[in-house]
1. Say whether the condition of being part of a helix (DSSP H, G or I), over 23 Å from the mean Cα position of the chain (by Cα) and loosely packed, with under 10 Cβ neighbours inside 10 Å is met by at least one residue in segment 85-103.
2. Within segment 67-75, does at least one residue satisfy the condition of being among the β-branched types (V, I, T), modelled with pLDDT under 95, surrounded by 10 or more Cβ atoms within 10 Å (Cβ to Cβ) and assigned to a helix (DSSP H, G or I)?
Amino acid sequence: MREQDIRDKEKLNLVANIEKMKREDADAAEAKRQRINNLMKQAAEANSQSLIEKQKRTMEEKDHEMSIIEYQRAKDQKEYEAQLEAQRMKDEKEKEIQRLRELQEKAADRQSEIDALRAKRAYEDGERNARQRERLEAQKRQRIQADLEVARQK
């Protein structure tokens, strides 16, 4: 019986060892599964964080591009308005120059009219004076003629 007891004991020990090994294998497998799950969670979290960072960089780049576009648009608008203002001032200056030319032309025309009128009056005065001289000379000749006539008759 003793042999039988020893065999039963060995058998029980063997079964207990097998059960212990199975539990250890199951525990190791569970620990491995937990480590893999943790690694997968960490990888997923890192990927998620990386995606968030990438989206953030993309948004920052888009914001930067939009600010550049807005700056360029504002600059173009300012240049356009400056060109409009320069053209407006040029047009105003040209209008003022044209107005002054017209005033000068009017003044020149008026002066020409005045000069023509003066020349006409001077010519008429000259004509009048010439006729007056001719009349006075004719009267003087007639007096001289009359005086000669009177002197001859005496």
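1. no
2. no
The values are calculated or read from the model by the stated rules, or taken from the named source; none is laboratory data. Please read all numbers here as calculations on a predicted model, not as lab measurements. Neighbour counts run over all protein chains shown; Cβ positions are idealised from the backbone, glycine included.
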